[in-house]
Amino acid sequence: MPVTFASFGLIDPLLRALDTLGYQSPTPVQAQAIPAVLAGRDLMAAAQTGTGKTAGFALPLLQRLMMEGPQVASNSVRALVLVPTRELAEQVFESFRQYGAHLPLRMAVAYGGVSINPQMMKLRKGVDVLVATPGRLLDLHRQNAVRFTQLQTLVLDEADRMLDLGFSRELNAVFAALPKRRQTLLFSATFSDAIRTLAGGLLDNPVSIEVSPRNTAAQSVRQWLVPVDKKRKTALFLHLLKKNRWGQVLVFAKTRKGVDELVETLLAQGISADSIHGDKPQPGRLRALERFKIAEVQVLVATDVAARGLDIDALPQVVNFDLPIVAEDYIHRIGRTGRAGATGAAVSLICADEVQLLAAIETLIRQTLPRMEEPGFAPEHRVPMTDARGQVLKKPKKPKKPKLGAAKTAR
Ligand code: AMP
């Protein structure tokens, strides 16, 4: 199924607005941000202008304002969007207006260099969304034109530019005035140390999103699929490991049980392996990672808990033993290889059950991944063909005549 705006559970007035604007399908940053923001998560997103990031935060934010929280009180604001410049303030405000055209929400924009009085008037009844530059916002706050007791979400848009423009003192003063319990979304084109420090103090267990300029991931990470029957995945993995003489491999499996079973099999074959998953106590996880880093362990098998934040230098090979349930995790997984200019490879062992997950991933990354059948492992249950529009093509291409030997071993 193609990823659609409707599949995020966006409410009808938002879908109608998107229809009017002619947006047909979400961009990658939207596909990742919308579900996370709707779920109330904090967000740290590396995304530039032109990626569709504004709708990525505005749509779910508008929806949350409709579905949750109290009516806005006078001089209050429920969602605050901080931007570096008046141009961006106007642009973001205009986007909110368009997306929220069919919603009974109040919105305002405020920036310096123009008279403050009309802005104060507008805030008197309270607004659901305020788009503002930091300096003018502080002025309004000092004059009691705006209160933050009802604030539920803070967005920092183009955070790097705000710091570049020297707004860090203003930002800190704003943060100090905001309620501690809130959702915070941080967007930045680049992630310098200063931004990371800022993020560290503001975000609570954020979902992180990286929308690399198109195709950079693909250039440094070679990706392909090997179709296989579910029951034969372990055998195929062992075969590939030996045949390709993989050195260290990071393997992702869907479940804890899957992880443990694979590790057991590997150990039984004399291959050094360890695991990382959510049920394992933290010290055990760290030890597994350390052993892998110092190459005491050849194969590290993990669930998606491990996909984020693992920084392992020069890891050449990632294997998706199972595809991730959440398409965005695919990007995190393959992001473990091909770092810092190194080339990497990511292979996914896919069975017929996983075709919908595959379609979602291909839509997200906007590529149809190449398939390479492994002689002797051609699946009996064919994996239907997919394409980067997320289509599962109904009629799979007629399979090549199975090689007799292959069919036998498949049993
Ligand atoms: P932004 O992230 O604000 O820089 O968005 C860049 C441009 O893409 C804006 O002009 C948006 O109107 C447009 N846009 C955003 N999302 C979509 C979408 N899903 N489909 C088509 N156009 C979009």
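We did not get these values from a lab; they are worked out from the coordinates using the rules stated. Since the structure is predicted, the reported quantities are computational estimates derived from the model, not experimental observations. Note: ideal-geometry Cβ built from the backbone for every residue, glycine included; neighbour counts use all protein chains shown.
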- Item | Directionally averaged shadow of region 72-208, computed from the convex hull of its alpha-carbon atoms, nm² | 8.1
- With R₀ set to 22 angstrom, the calculated FRET efficiency between the beta-carbons of A173 and T85, to the nearest 0.05, is 0.70
- Item | Gained length - D279 relative to D12, 0.36 nm times residue gap less alpha-carbon distance | 92.2 nm
- Task: Any chance you could run the full-extension gain for I294 through K242? It's 0.36 nm times the residue separation minus the Cα-Cα distance, nm to one decimal.
- Result: 16.6 nm
- Task: Mind sorting E354, E261 by how few other Cβ atoms lie within 10 Å of their own Cβ, fewest first?
- Result: E261, E354
- Go ahead and collect, in residue order, the members of region 87-110 whose backbone nitrogen is under 11 Å from a label point 7 Å along the Cα-Cβ direction of T20. 97-103
- Item | Added length on full extension, which subtracts the Cα-Cα distance from 0.36 nm per residue, A189 to M67 | 40.9 nm
- Going by how many other Cβ atoms sit within 10 Å of their own, how do T197, T184 line up, fewest first? T197, T184
- Which FRET efficiency value, to the nearest 0.05, is calculated for L286 and M121 with the Förster distance at 56 angstrom and r the Cβ-Cβ distance? 0.50
- Note on the structure: Listing K53, K230 by rising number of other beta-carbon atoms within 10 angstrom, fewest first, gives K230, K53
- Starting from the Cα of I271, step 7 Å along the direction of its Cβ; do the same at R147; then give the gap between the two resulting points in nm. 6.3
- With R₀ set to 56 angstrom, the calculated FRET efficiency between the beta-carbons of K180 and T4, to the nearest 0.05, is 0.95
